[in-house]
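A short worksheet on the structure shown next.
The numbers here are math on the coordinates, done by the rules we state, and not lab data. Fair warning: this is a prediction, and the values are worked out from it, not measured in the lab. As a convention, Cβ positions derive from the backbone with ideal geometry for all residues, glycine included, and neighbour counts pool all protein chains shown.
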Amino acid sequence: MHTNSKLIYEGKAKQIFAINDPNQVLIKFKDDATAFNAAKKAKFKGKGILNCSISTNIFEYLMANGIPTHFIRRDGDSSIIAQKINIIPIEVVLRNTAYGSICKQTNLIPGTKLKKPLIDFYFKNDILNDPLLTRERIKLMEILKDEDLNFIEQLTYKINTILKDFFLNIELDLIDFKLEFGLNKNNEIILGDEFSPDNCRLWDMKTQNVNIKSLDKDRFRNDLGDLIEAYTEINKRIDHFMSSP
Ligand code: TMP
Ligand code: ASP
């Protein structure tokens, strides 16, 4: 850990520290897991290191494919150095297959492949329980200009195209994921937060067994088996893919 590190923010799964450079932060991935707005909590030894490793590889891959992100470099086992950003309080969820909350709120049957990807926006606000937003509500709250929301939407579709193919190579089906964006010191919108099995759904294409094919946080949310085993498997497949010629 850097000298001079001062905790400036603690979230459910990460801590953010100030470092010497005022335009950068150190982000530490914790072993804690929460679900249903922290109604369910647990600690998984080794999750922080696994998510740091997975997220580092994914962010490096996205940047190599032209996506602007906050990521600068990995710093030890469970931390990264990133650009300091002002997080936009909108959680951007992209769905390729219907699962989770959308199936509780619509008549879509879990596992239905969507004809085209769907983007849902949620208000990042724990007190309000992260409610689903509409474009008009985002405009009313003056969180973002329409053109910035369009930019975020296009970037999210692009990230999906890149990552769907990436995961197909390692026989993982990218069901859905959540992204967060922020503004850096130059007022540019860039991808922040993390990309890990904590905030996406990945189904193992090597098995049809519905009880074990979830290799993501649904293992914890829905008591589907060992979370660390699943995250280790994802990390192993990504490492193998990234290191093959
Ligand atoms: P949902 O089915 O609960 O709407 O979740 C959709 C995706 O978003 C899923 O991959 C999990 C992720 N997600 C988060 O990362 N954080 C959250 O707070 C929620 C509710 C979902
Ligand atoms: N991240 C959410 C929580 O804080 C829920 C989830 O990922 O399902 O509990």
Six or more apart or on different chains, Cβ atoms under 8 Å: show the pairs whose first residue is in region 19-46 and more than 30 Å from residue 184 (Cα to Cα) and whose second is part of a loop (DSSP other than H, G, I, E, B).
43/31; 44/31; 45/31; 46/31
Which count do you get for residues in region 154-207 that are closer than 25 Å to residue 88 by Cα, without any contact (Cβ under 8 Å) to a residue 40 or more places away in the chain and either surrounded by fewer than 19 Cβ atoms within 10 Å (Cβ to Cβ) or hydrophobic (A, V, I, L, M, F, W, C) (or both)?
5
Please find, among 51, 37, 57, the residue that is within 16 Å of ligand 1 (Cβ to nearest atom) and closer than 24 Å to residue 158 by Cβ.
51
Return yes when residue 12 is assigned to a strand (DSSP E or B), within 16 Å of ligand 1 (Cβ to nearest atom), surrounded by fewer than 15 Cβ atoms within 10 Å (Cβ to Cβ) and charged (D, E, K, R) and no when it is not.
no
Among the strands (runs of 3 or more DSSP E) confined wholly to region 135-245, which include 3 or more residues that are out of contact with any Ser or Thr (no Cβ under 7 Å at 6 or more places or on another chain)?
172-179, 181-183, 200-204
Based on this model, can you work out whether residue 119 counts as under 23 Å from residue 137 (Cβ atoms), touching a residue at least 24 places away in the same chain (Cβ under 8 Å) and outside any loop (DSSP other than H, G, I, E, B)?
yes
